[in-house]
Amino acid sequence: MARPRPGRPRGFTLVEVLVALFVMALMAALAWRGIDGVLKSRDAGGAVVDRTLHLTALVAQWETDLQMLHADAGVPALAFDGRTLRLVRRADGGLQLVAWSLDGDRWQRWTAPPATRAGDLQQAWLRSQQLQGEDPGQLRLLDGVGSWQVYFYRGNAWTNAQSTGDVAPGPGSGASAPPRAVEQLPSGVRLVLQIDGQTLTRDVLVAPGT
């Protein structure tokens, strides 16, 4: 009795091949979107960490400047006009005028060369009122700052640094020289920054040396 011949092996049809290719392409696209999302999340997280570390370093510099405050230098040791905070701090080689300011949404810090004479500090004070944003000694610190405010702690209360009585002109003031502070310096300074829609508040104790 004759044995039946085995049938010819059946291959994939064109439709089956196309369906398989479509499924593989769809899985590859989904996998790539997942990997791309992970990479973007990693990059975004790294950017947030870097910005946080940078802001921490800037605030530390702010605190150092205030903690090195020097009074009785012939110019106000500490003054804020709403845009710029100027202070006199101790530095290697003498006394140094530092100006923190907000230009648009950019937070900046300018430093004058250390001085040993009152006249040099007065010139530095006047120069700090004419800064254009790209002056020598001026650093671009942080972008994206919406606004800032400074408060002084006096009389057991926080008061606006621009309020009446915080800084008053004294004898010897005039158009050719900056006003001299005659009132007691605050015992604390509060910084309030609006950054990327969030508020940063930092209080610093002030103990000016002479």
The stretch 59-73 - phi-based ³J(HN,Hα) in whole Hz, Karplus 6.51/-1.76/1.60, Gly and Pro as x
5, 5, 5, 4, 5, 4, 4, 5, 6, 9, 4, 10, 9, 6, 10
Calculated FRET efficiency, Leu139 and Ile35, Cβ-Cβ r, R0 35 Å, to nearest 0.05?
0.35
Difference of contour (0.36 nm per residue) and Cα-Cα distance, Val48 to Gln61
2.7 nm
Give me the distance in nm between label points sitting 7 Å out from Cα along the Cα-to-Cβ direction at Thr116 and Ser147, one decimal.
4.5 nm
Karplus couplings for the stretch 87-104 from phi (6.51 cos²θ - 1.76 cosθ + 1.60, θ = phi - 60°), rounded to Hz, Gly and Pro as x?
8, 10, 10, 6, 8, 4, x, x, 10, 10, 8, 10, 10, 9, 9, 10, 10, x
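Where a number appears in this text, it was derived from the coordinates with a stated rule and is not lab data. Please read these numbers as outputs of a predicted model, since none were measured by experiment. Note that each Cβ is placed from the backbone with ideal geometry, even for glycine, and that neighbours are counted across all protein chains shown.
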